[in-house]
1. What whole number of Å gives the distance from the Cα centroid of region A:41-80 to the Cα centroid of region A:84-153?
2. Please work out whether region A:3-216 counts as rounded, prolate or oblate from its C-alpha gyration tensor, where a ≥ b ≥ c are the square roots of the eigenvalues and a/c under 1.5 means rounded, while otherwise a/b larger than b/c means prolate and anything else oblate?
3. For a protection proxy built on the mean count of beta-carbon atoms within 10 angstrom, sort B:99-111, A:9-21 highest first, please.
4. For a quick check: sort A:Ser162, A:Ser40 by the number of other beta carbons within 10 angstrom, fewest at the front.
5. Given points 7 Å out from each Cα along the Cα-Cβ axis, report the A:Asn26 to B:Ala98 separation in nanometres with one decimal.
6. Using a 7 Å offset from the Cα along the Cα-to-Cβ direction at both A:Glu113 and A:Ala202, what is the distance between the two label points in nm, to one decimal?
7. Which order results if A:Val119, B:Val94, A:Val46 are arranged by neighbouring Cβ count within 10 Å, fewest first?
8. Measure off 7 Å from each Cα along the Cα-to-Cβ vector at B:Asp161 and B:Ile107, then give the distance between these two points in nanometres to one decimal.
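Values quoted throughout were computed directly from the atomic coordinates according to the rules given, and no laboratory measurement underlies them. All values reported here derive from a predicted model rather than from experimental measurement. Cβ: placed from backbone, ideal geometry, glycine included. Neighbour counts: every protein chain shown.
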Amino acid sequence: MTIGVVVFPGSNCDRDVQWATEGCLNLPTRRLWHEETDLSGLDAVVLPGGFSYGDYLRCGAIARFAPVLQSLMDFASKGGKVLGICNGFQVLTELGLLPGALTRNQNLHFICEDAPLHVSSVRTGWLKAYGNAGSLVLPIAHGEGRYQCSNDTLKQLQDDDSIALRYGSNPNGSVEDIAGITNASGNVLGLMPHPERACDPATGGTDGRSMLQALLN
Amino acid sequence: MNLTASVAQRAVNASAFQLEAKTPNDLNGSPTTSAIEGEHGLGQERRNRFTTLYPSRGDTTQPKGWVSGRIPLALLVIVPRYQARVLVHLRPSVLDPAGEAAKGAAIRLGVDGISKLRIGKAVELDIDAPNEEEARRRLELLSDRLLANPVIEDWSLELQDS
């Protein structure tokens, strides 16, 4: 049982994720350079936060064409678990593994703060440990985290019970206070908050631990 | 220079064009006259490679039939170059906070009458393609798949012969 953490040029939370999964949770983890295509032996893949390829053009737009992500499409279609955090969430929407898009925060600010969140669905295993309507606090740090989608897509998300996490106090103008969503089959989760920054009481609480633990559950 | 009829027709179709050597030798990195002279602006390493491959008697690295290092004229293909500008803008239903902020600044500057200000981006490209239709096809693919995200953005394409 091993977790892979993708490293794009410009990723800056890759080590944080490994520190959290391996150091805090004792889960075997290895980093995957963006040019790798072999995902064999991995049970879950994390797309970390940062600024992949400088976020040129649009956040995640260029990362989408990375060799490792072509393999990730196969991995995800076979049911492999994929977690996209912050920039990783943006990459997943560009890739089409999750619907919608993440746009500039409504107030134009880069927001870096602790965000109160509510679990909106426990349909998938990712958030079961928090309980239905459970609340948690995770750090957010993004300039483009405002979730946007068409009305049809929003309805589809609601019908599929795919809205996983909502902000308690919407910081960026996301539609329906959305902070994180899953795909219909539930093996892919994307969220703007950073669970890996909340895995040790000394640095921002421990509310993120169960979410990362779910990678190998 | 002798041009075949179809090549000449292409030249007429495009107001400007460039020459491309399409011989297998050229694509494989063997010398062309201009490459030897360094006119392609190649890096030193690549230029050296050309220099060392300069055909000489008994050079077995050259394919059979290679004589002078010049491209046979009959194999020259002329490909028109098109200039394109792709305009990417947020869809009308998507809020443009940067546009709103710029609009606020415009009003503070004292410019009256602005009722709408939305910010997009322009991507300028030169593309070589056999004809305008093909250039357009490639640019539409590019715009739809890379330059714009159809979930939140629209795009439009301006194309002209260079």
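1. Value for the Cα centre distance between the two parts: 17 Å.
2. In terms of gyration-tensor shape, rounded.
3. Result, highest mean Cβ count within 10 Å first: A:9-21, B:99-111.
4. Taking fewest neighbouring Cβ atoms as first place, the list is A:Ser40, A:Ser162.
5. Reported label-point gap for A:Asn26 and B:Ala98 is 4.8 nm.
6. 2.8 nm
7. Starting with the residue having the fewest Cβ neighbours, the order is B:Val94, A:Val119, A:Val46.
8. About 4.9 nm separates the two model spin labels.
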